[in-house]
Each structure stands twice: as C-alpha cells, then as structure tokens.
1. Can you say whether D94 is surrounded by 14 or more Cβ atoms within 10 Å (Cβ to Cβ), touching an Asp or Glu at 6+ places or on another chain (Cβ under 7 Å), over 20 Å from L16 (Cβ atoms) and not aromatic (F, W, Y), as far as the supplied structure shows?
2. If you go through the stretch 13-31 one residue at a time, how many are part of a helix (DSSP H, G or I) and either surrounded by fewer than 16 Cβ atoms within 10 Å (Cβ to Cβ) or not acidic (D, E) (or both)?
3. Which one is farthest from E31 (Cα to Cα) among residues in the stretch 103-128 that are at pLDDT below 95 and part of a strand (DSSP E or B)?
4. Aliphatic (A, V, I, L, M), touching a helix residue (DSSP H, G or I) at 6+ places or on another chain (Cβ under 6 Å) and at pLDDT 95 or above: which single residue out of V52, V69, V64, V76 fits that description?
5. Kindly indicate whether any position in the stretch 56-72 is within 17 Å of H35 (Cα to Cα), free of Cβ contacts under 8 Å to residues at least 24 places away in the same chain and either exposed (fewer than 14 other Cβ atoms within 10 Å of the Cβ) or of a type outside the set (K, R) (or both).
6. Considering (1) out of contact with any helix residue (DSSP H, G or I) (no Cβ under 6 Å at 6 or more places or on another chain); (2) surrounded by 15 or more Cβ atoms within 10 Å (Cβ to Cβ), say which one T121 fails and leave the rest.
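The values are calculated or read from the model by the stated rules, or taken from the named source; none is laboratory data. Here the structure is a predicted model, which is why all the values come from computation and not from measurement. Backbone-built Cβ (ideal geometry, glycine too); neighbour counts: all protein chains shown.
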Amino acid sequence: MATRNKDIVRQALTELIGTGDVGSLAPLLSEDFRHHRPDSTSSTKTEWLDAVRAALVPLAGMRVEIMHVLAEGDHVVMHSRRHLPGGPEITVVDIWRLDGGLIAEAWEIIEPAAQAQANLTWWEPAAA
C-alpha cells in the first residue's frame, strides 16, 4: 500500500509540474479533500484547485527537485526543493493522507531556503 500511495503522490506532482494541467489533479483527490496550511486555515478541493491554478502562471518554469519520498500506511511525506523562475529557492515538505487510492488530505510547509538559518534559533530569546 505504501508503494502505491507514493506512486499516486508522484503522479500528481509530475502531471501538475510537467503539464501545468490542474484538471489532471482533480481525479486524484477525494471529493472531501482538505488542504491544511501552517496558519491553521484549510481549503476544500475546489478552493485548493483554484489556488493551484492561480499560482501556475507565476510559477511557470519552476523546477522541482524531489529529495525524499517516505510512506507509511496511508501517509506519504515528500521533501523537495523548488527553484522558482527568477525567484528564490524554497524548501517544501508536503504530507499527504490517502484513502481508497485518492488523496484525502494535504499539509504543506514552505520555507525560503535563504531564510533557513534565521529559523534555526527560533527558541532563543530576542536580544534586549
């Protein structure tokens, strides 16, 4: 099951980046799909597909370098580096939950690579 789930997630990303066709994602998502952001907001399948569609124009030409894909049970974790055209490199961790061969939930954490060093000491008190 874990291998099949990894294949579904890879297929979703490959089709989206390779073709730019957001419509190719829709059949891979469950009807009650939810996308969760670090700020505690969530979006529905339709809302998320609309947001992805809107982001594709400024992100055309983005290169994605998949660093790791890990799967256990119904969860797949993907760590990637994304090189934005004319923009920064970002590091992304996506967590996907699959149910019945469809992506049911997704969580996403994005960090500009240039800001990573500043975020390594978040626990230290600010200088007075």
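1. no
2. 12
3. The qualifying residue farthest from E31 (Cα to Cα) is P112.
4. Being aliphatic (A, V, I, L, M), touching a helix residue (DSSP H, G or I) at 6+ places or on another chain (Cβ under 6 Å) and at pLDDT 95 or above holds for just one of V52, V69, V64, V76, which is V76.
5. No: zero hits.
6. (2)
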